[in-house]
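Working notes, structure below.
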Amino acid sequence: MDISGRTVFIAGGTYGIGRGLAQRFIDAGSTVVVGGRDIDRVEGVEAVRIDVTDPASIAAARDEVLAKHPDLDVLVTMAGVMLAEDLRDPAHIAQAETTIAVNLLGTIRVIDAFTPHLLGRGAGDIITVTSGIAFMPFPLMPTYGATKAGVHSYTESLRAQLAGTGIHVTELIPPAVATSDQQAKLNPAALPLDGYLDEAVGLLTQNPTPNEIIVERALPLRWAERDGTYAELLARRSESLKNLPGR
Ligand SMILES: NC(=O)c1ccc[n+]([C@@H]2O[C@H](COP(=O)([O-])OP(=O)(O)OC[C@H]3O[C@@H](n4cnc5c(N)ncnc54)[C@H](OP(=O)(O)O)[C@@H]3O)[C@@H](O)[C@H]2O)c1
């Protein structure tokens, strides 16, 4: 994928991996608009307010972006939340609903909002964002894993349905990435954001673009089932449940 001279909207680009990816596109000579609920904190890039759980907000953001940038040709659905849940307490349903609304329905709605525009152009890229957790659960975050597995499956169908239209669909599959100093302290095993982006953008800019952008660190999660390491890895990752209050 060429990341220079493109016009990009990153829903969920106000912070974290999305903001980092925005900078990589900008540095390569692309025009970028980032979207999120809290755009007052955004510096150095055009920002548009969007709440991906709200269809009216998505439509308004889409209209604003396309009015200013009718040549938009890259959409990234980055918005996501990662919430811990205790499945022994039915009150977890609140976290489950939020996670599904943002990660799964939000992704579907944002893609729907921009697909007619991209089809009209007859060319473009949609980049969805899942996680290593789509392929190897992290039991502390059950609905997170379910939504990311869902977005993986949806992405495969989207690619099949858009084949021949000129729109290419790519799935970003990050491992744990530290997007702040606080996160780096909480999870020392997480990749630093810049290191992650160096590797991911290296893969993204290959020609032809791989369907899945999987950095080295995410490979054991992506292929655990094939490699026969699934049960052992899942048991190890289940140790995180000790962090739930009362366990
Ligand atoms: N970091 C990791 O370890 C990791 C690993 C694998 C996959 N991922 C995935 O990568 C993506 C980015 O993760 P991150 O760690 O960079 O997250 P982050 O730092 O928490 O940033 C999340 C982004 O999503 C936006 N967002 C959240 N809820 C939203 C909503 N309702 N409407 C619009 N935007 C919303 C936030 O903007 P506002 O707060 O301004 O709305 C922010 O720009 C997510 O999909 C995540 O699941 C992350």
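Key figures
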{"item": "Test: residue in the range 208-219 that is open to solvent by 40 Å² or more (accessible area, probe 1.4 Å), outside any loop (DSSP other than H, G, I, E, B), acidic (Asp, Glu) and more than 16 Å from the ligand (Cβ to nearest atom)", "result": "no"}
{"item": "Candidate set from the range 8-33 (those that are under 13 Å from the mean Cα position of the chain (by Cα) and among the β-branched types (Val, Ile, Thr)); member that is least open to solvent (accessible area, probe 1.4 Å)", "result": "Ile10"}
{"item": "Residue within the range 129-147 that is more than 14 Å from the ligand (Cβ to nearest atom) and more than 19 Å from Ala84 (Cβ to Cβ) present", "result": "no"}
{"item": "Leu75 closer than 25 Å to Thr147 by Cβ and either modelled with pLDDT under 95 or crowded, with 23+ Cβ neighbours inside 10 Å (or both)", "result": "yes"}
{"item": "Entirely in the range 87-177, the helices (runs of 4 or more DSSP H) that have 1 or more residues that are more than 16 Å from the chain's Cα centre (by Cα) and closer than 30 Å to Pro70 by Cβ", "result": "106-121, 142-162"}
{"item": "Strands (runs of 3 or more DSSP E) fully within the range 6-56 counting 3 or more residues that are near the ligand (Cβ under 6 Å from one of its atoms) and farther than 16 Å from Leu193 by Cβ", "result": "none"}
{"item": "The range 149-194 - residue that is more than 16 Å from Leu118 (Cβ to Cβ) and among the polar types (S, T, N, Q) and, of those, nearest to the ligand (Cβ to nearest atom)", "result": "Thr179"}
{"item": "Close pairs from the range 133-159: first within 16 Å of Leu172 (Cβ to Cβ), partner among the charged types (D, E, K, R), Cβ under 6 Å, at least 6 apart", "result": "Ile133/Lys148; Ala134/Lys148; Phe135/Arg222; Thr155/Glu171"}
{"item": "Any hit, the range 64-71, residues being within 13 Å of the ligand (Cβ to nearest atom), assigned to a loop (DSSP other than H, G, I, E, B), touching a helix residue (DSSP H, G or I) at 6+ places or on another chain (Cβ under 9 Å) and open to solvent by 30 Å² or more (accessible area, probe 1.4 Å)", "result": "no"}
{"item": "Arg41 within 17 Å of Ser180 (Cβ to Cβ) and open to solvent by 50 Å² or more (accessible area, probe 1.4 Å)", "result": "yes"}
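This table checks each residue for (1) farther than 17 Å from Ile127 by Cβ; (2) of a type in the set (Gly, Ala, Ser); (3) surrounded by fewer than 16 Cβ atoms within 10 Å (Cβ to Cβ); (4) in contact with a Leu (Cβ under 7 Å, 6 or more places away or on another chain).
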{"residue": "Ile167", "(1), (2), (3), (4)": "no, no, no, yes"}
{"residue": "Ala189", "(1), (2), (3), (4)": "yes, yes, yes, no"}
{"residue": "Tyr196", "(1), (2), (3), (4)": "no, no, no, no"}
{"residue": "Leu203", "(1), (2), (3), (4)": "no, no, no, no"}
{"residue": "Trp223", "(1), (2), (3), (4)": "yes, no, yes, no"}
{"residue": "Arg236", "(1), (2), (3), (4)": "yes, no, yes, no"}
{"residue": "Leu241", "(1), (2), (3), (4)": "yes, no, yes, yes"}
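The values are calculated or read from the model by the stated rules, or taken from the named source; none is laboratory data. Remember, predicted model here, so these are calculated numbers, not experimental data. All Cβ positions, even for glycine, are placed from backbone atoms using ideal geometry, and neighbour counts span all protein chains on display. Calculation scope for accessible area: heavy atoms of the full protein, side chains included, ligands and nucleic acids excluded. Shrake-Rupley method; radii C 1.70, N 1.55, O 1.52, S 1.80 Å.
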